[in-house]
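Colleague: Sharing a structure below in structure tokens format, with a few things to ask.
Read-outs: derived from the displayed coordinates by stated rules, not from any lab. Quantities reported herein were computed from a predicted structural model and do not represent experimental measurements. In this analysis, Cβ positions are derived from the backbone assuming ideal geometry, glycine residues included, and neighbour counts consider all displayed protein chains.
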Amino acid sequence: MEDKRRLSDEEVKRLIMENARLNKTVQVLMDRVEQEMDQQQDSFTIFQTAIKLEETVNQRTNELSDLNRRLMKELHEREKVEKKLQIAKKQAEEANKSKTKFLATASHDLRQPLNAARLFAGSLAGSDLSAENARYVARIGNSLDALDDLLSILLNISQLDAGGIIPTFCHFRLQDFLGSIVPDYIQTGQEKDLNVRMVASTHVVYSDPRLLETILRNFLSNAIRYTKTGGVVVGCRVRQGKVIIQVADSGIGIRESQLEGIFEEFIQVHEDHAIGGRGIGLGLSIVKRISALLDARITVSSTYGKGSIFNIILPQGAADKAVSPFTARAADIVAESSLGGRIIAVIDNDEDVLDGMKALLGKWGCVTVTDISADGALAQLIAQDKTPDIIIADYHLNGDDTGIDAVAEIRAEFSDPIPAIIITSDRDSGLVDMLEAKELPLIYKPVIAARLHALIRHLI
């Protein structure tokens, strides 16, 4: 029965060497016969030698034929496997392109309302507000930033799995870090009659503050969500050369049998959904991915019915290398009428974003011309006999139109070069390279008012 087993690379190599050895053997036998025939003239001896040689040659020829058949079969099998691998590779590349396109579209659509909210909040900052209302506006800004960070993580969860997100490590003080986050939850806790507080800390850690913030906000949100009475405490301590951030609550707790599964996707262990609402169970699975990226260990202890403690274990940082990556929300406050009289054309396919941008730019004293397309904006500019001082365009417009096309179309109608800004939620590096080549500055959504103001001032 024919051997159906595929040959390994080592066996193929051995067969090729055997083939060469047999060829060499045949040649040696032929040389030996010729030599013996020269030395012996005995016809019977010559006949015997010839018969023996023929048998040996036939045997070796059969072996060579069998070997060649096996080699040809192996090569044929390898060609089929290689074709299948090429097809699989092509399918994987197509699937990756589809995923990238989907994430870009999802990122744009989900960030549009967030961007509009950010613009309206920016238009309020610096207005004639009471101290209390100014604090509320600042908290709205913080919350929108936190939502944007979480949205970024959700949209890039596959990148987390594939190692596509690179953390930016630095040394920073925990007091500054906690002070930029915990006050948001103190206010939230007060609305539920919960006492949310943090213990002052002098410790310095070495980590990525943006990714670490996502972990801490997740723990704080869960602690408040699943606590009916009592409160939440955030504190820090040092054990065995590591800094531990602790979030302790007096909430409903988690059963011991369920602790192991809480970091898995789409897992919610609380039976009473009336307490915490109906989530999708992705928060702690994201925490698990980020903690692996940061080389930070996460532990949890809980007593069902009494509360839980979540720990983030981090490497200590160096105080003399500590930086302050936490920007105060006051940076959004820009003097009113600081761009008085400047004409700005804004193109975006979302009416709420256009309204938000008009409110923000109007506060700065700008004359704004807004539309969902370059054609519409041009029609208004021509009708009003206005030349824009700057163009602001969203990259993803309706259909296949892009902000780059819109900028080019408006520029073509005016003789003087007009500065332009592209706004997008698309983090694709290829887009960044393309905009740099076209010398078009880029701002990511949600737009931070102070950053937009500074860029406009720089360009005009």
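Colleague: Return the sequence-ordered ³J(HN,Hα) values of the range 352-367 in whole Hz as given by the Karplus equation 6.51 cos²θ - 1.76 cosθ + 1.60 applied to θ = phi - 60°, using x for Gly and Pro.
Modeller: Whole-Hz 3J(HN,Hα) from phi for the range 352-367: 5, 5, 4, 5, x, 5, 5, 5, 5, 5, x, 5, 7, x, 7, 9.
Colleague: Going by average Cβ neighbours within 10 Å, how do the peptides 114-124, 55-65, 286-296, 235-245 rank, with the highest at the top?
Modeller: Output ranking for 114-124, 55-65, 286-296, 235-245: 114-124, 286-296, 235-245, 55-65.
Colleague: So, one more: Under 5 Å between amide hydrogens, which residues at least 5 positions from Asn195 or on another chain qualify, with H placed 1.01 Å from N in the peptide plane?
Modeller: Gly230, Gly231, Val232
Colleague: If you don't mind, there's one more thing I want to ask. At 0.36 nm per residue, minus the direct Cα-Cα distance, what do Leu293 and Gln175 gain on full extension? Give it in nm, one decimal, please.
Modeller: So the chain would gain 40.2 nm between Leu293 and Gln175.
Colleague: Turning to a different aspect of this structure: Could you sort 355-365, 434-444 so that the peptide with the highest average Cβ count within 10 Å comes first and the rest follow in order?
Modeller: Order by mean packing, descending: 355-365, 434-444.
Colleague: Follow-up question, since we're still on this one. Which of the three applies to the range 332-459, rounded, prolate or oblate, going by the alpha-carbon gyration tensor with a ≥ b ≥ c and a/c under 1.5 meaning rounded?
Modeller: rounded
Colleague: Across the range 383-390, in residue order, what do the Karplus-derived ³J(HN,Hα) couplings come to in whole Hz, using 6.51 cos²θ - 1.76 cosθ + 1.60 with θ = phi - 60° and x for Gly and Pro?
Modeller: Computed from phi, the couplings for the range 383-390 are 5, 8, 6, 10, 10, x, 7, 7 Hz.
Colleague: Going by average Cβ density within 10 Å per residue, which order do the peptides 225-233, 317-325 take, highest to lowest?
Modeller: Packing order, densest peptide first, comes out as 225-233, 317-325.
Colleague: Ok, one more. Test of understanding: extend the Cα→C-beta vector of Asn62 to 7 Å, then name every residue of the range 12-26 with backbone N under 17 Å from that spot.
Modeller: Counting only backbone N, you get 22-23, 26.
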